[in-house]
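Novice: Submitted below is the structure of interest, expressed as structure tokens.
The values are calculated or read from the model by the stated rules, or taken from the named source; none is laboratory data. What you see is a predicted model, and the numbers here were worked out from it, not measured in a lab. Backbone-built Cβ (ideal geometry, glycine too); neighbour counts: all protein chains shown.
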Amino acid sequence: MPVVICCNRQKHESEHAAASVDQLLRVPFVSVVDDTEKDFFLYLPEGYQDQPEYKWPVILFLHGDGERGNGRDELTYVLKHGPLYEAWVQKKPLPFMIISPQLPVFGRDTLGLQYLVNRDPDDFPDRQPEDTPEREPESRMEQPMGGFTNPTVDELQIPDRGWELVEQDLLGIIDIVLNDYNADGHRLYLTGLSYGGFGTWYMASRHPDLFAAASPIVGWGHPDLMEPIAQHNLPLWVFSGGRDPVVPKRDFIPGLNRLEELGHTNLRYTIHDDMGHDAWKRAYGGDDLYNWFLGHSRQ
């Protein structure tokens, strides 16, 4: 059974009944990766309980490398960034259900990656009853803004041990939400940052008919993934950081050019040239991406 984490947003006083508060659920599922029970977060927006006939748009969010975990006591790591952070921690009134699963570590904690080895659950954000926590500042990289030379396809190396390994889990989680909740399958949106950006490209390529639109953020797509996306002309809004030393903007270009070669016409590409790898903070912290999502529906 789903577990309600909290529903402590204060109701608005009015002459009429106040709208139901938003909720954050922990929903159990059995992972096909290791046949164990795990949880995923499911955010239900304010007013969800009041409209039993309404089908809500849904965002599937894939987190980055630093938020991996066991899907149980480590699930709170996924609150650190993205749409769920905005809606739950910062109390941004997003009119979406938000699915936020957790990618297993798959041994990457043995590679000396300090953001995995030295993380502390107490450092991750939590919802406050009355206020919101101070946002992390946007990073400012030392390198100057500038142009770039396109890499060859052979130079592109997709990170391993990513979301492609839990593809069937993600499909199962989507089925749970579409079958058990008031979710609109025609307005299912896909987005992710960094490792989750790579995962967004992968899932969009494997299941372009499932999503109404997709937004990979600071994660490029390999040209070999583009044909199914182009065939379905899946709406895309891609973001990169101009000063990103982790996933440089130059690596986005071969895949985007391949999309256009294949006849894809529904593409936006935004480079936040003044930002580094955390360009996701601006993308998810604003309103434009969410409004863009709501402008698309799968027929």
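Novice: Which of the residues spanning the range 258-275 are buried (at least 20 other Cβ atoms within 10 Å of the Cβ) and assigned to a loop (DSSP other than H, G, I, E, B)?
Specialist: 264, 275, listed by residue number.
Novice: While we're on this one: Might you let me know whether the range 196-206 holds any residue that is more than 15 Å from the chain's Cα centre (by Cα), assigned to a loop (DSSP other than H, G, I, E, B), surrounded by fewer than 22 Cβ atoms within 10 Å (Cβ to Cβ) and not basic (Lys, Arg)?
Specialist: No.
Novice: Could you grab me the full set of residues in the range 207-224 that are surrounded by fewer than 21 Cβ atoms within 10 Å (Cβ to Cβ) and hydrophobic (A, V, I, L, M, F, W, C)?
Specialist: 210 - this is the single residue of the range 207-224 that is surrounded by fewer than 21 Cβ atoms within 10 Å (Cβ to Cβ) and hydrophobic (A, V, I, L, M, F, W, C).
Novice: crowded, with 20+ Cβ neighbours inside 10 Å and part of a loop (DSSP other than H, G, I, E, B): which single residue out of 84, 103 fits that description?
Specialist: Numbers: 84 fails: part of a loop (DSSP other than H, G, I, E, B).
The conditions single out 103.
Novice: Run residue 32 past the list (1) out of contact with any Asp or Glu (no Cβ under 8 Å at 6 or more places or on another chain); (2) over 25 Å from residue 136 (Cβ atoms); (3) exposed (fewer than 15 other Cβ atoms within 10 Å of the Cβ) and report the number of the one that doesn't hold.
Specialist: Failing condition for residue 32: (1).
Novice: Residues being within 27 Å of residue 297 (Cβ to Cβ), more than 18 Å from the chain's Cα centre (by Cα) and assigned to a loop (DSSP other than H, G, I, E, B): count how many of those fall in the range 210-257.
Specialist: 1
Novice: Further, regarding this structure: Restrict the check to the range 57-75 and report whether at least one residue is at pLDDT 95 or above and more than 30 Å from residue 107 (Cβ to Cβ).
Specialist: Looking for residues that are at pLDDT 95 or above and more than 30 Å from residue 107 (Cβ to Cβ), one finds at least one in the range 57-75, hence yes.
Novice: Quick one: which of 217, 229 is closer than 21 Å to residue 102 by Cα and in contact (Cβ under 8 Å) with a residue 24 or more places away in the chain?
Specialist: Working: 229 fails: closer than 21 Å to residue 102 by Cα.
Being closer than 21 Å to residue 102 by Cα and in contact (Cβ under 8 Å) with a residue 24 or more places away in the chain holds for just one of 217, 229, which is 217.
Novice: Which ones in the range 205-227 are of a type in the set (Phe, Trp, Tyr) and out of contact with any Gly (no Cβ under 9 Å at 6 or more places or on another chain)? Even if it seems obvious, please write down each step before you answer.
Specialist: Restricting attention to the range 205-227, the residues satisfying the condition of being of a type in the set (Phe, Trp, Tyr) are 211, 220.
Once the filter is applied, which keeps residues that are of a type in the set (Phe, Trp, Tyr) and out of contact with any Gly (no Cβ under 9 Å at 6 or more places or on another chain), the range 205-227 yields only 211.
Novice: Could you list, in sequence order, the residues of the range 276-286 that are under 13 Å from residue 237 (Cβ atoms) and surrounded by fewer than 18 Cβ atoms within 10 Å (Cβ to Cβ)?
Specialist: Correct list: 286 only.
Novice: If a residue must be under 18 Å from residue 292 (Cβ atoms) and among the polar types (S, T, N, Q), how many such residues does the range 189-238 contain?
Specialist: 4
Novice: Moving on. Counting only residues that are in a strand (DSSP E or B) and among the acidic types (Asp, Glu), which one in the range 35-77 is surrounded by the most Cβ atoms within 10 Å (Cβ to Cβ)?
Specialist: Step by step, filter the range 35-77, then rank; the result is 39.
Novice: Further question on the same structure: Any residue that is aliphatic (A, V, I, L, M), within 22 Å of the chain's Cα centre (by Cα) and crowded, with 16+ Cβ neighbours inside 10 Å - is there at least one of those in the range 126-142?
Specialist: Applying the first criterion (aliphatic (A, V, I, L, M)) to the range 126-142 yields 141.
Imposing the further condition that a residue be within 22 Å of the chain's Cα centre (by Cα) reduces the set to none.
No, there is no match, as no residue in the range 126-142 is aliphatic (A, V, I, L, M), within 22 Å of the chain's Cα centre (by Cα) and crowded, with 16+ Cβ neighbours inside 10 Å.
Novice: What pairs come up if the first residue lies in the range 239-259 and is within 11 Å of residue 223 (Cβ to Cβ), the second is at pLDDT below 95 and assigned to a helix (DSSP H, G or I), and their beta carbons are under 7 Å apart, counting only those six or more places apart or on different chains?
Specialist: 254/153
Novice: Using the structure shown, decide if residue 242 is surrounded by fewer than 23 Cβ atoms within 10 Å (Cβ to Cβ), in contact with an Asp or Glu (Cβ under 8 Å, 6 or more places away or on another chain) and of a type in the set (Gly, Ala, Ser).
Specialist: Yes.
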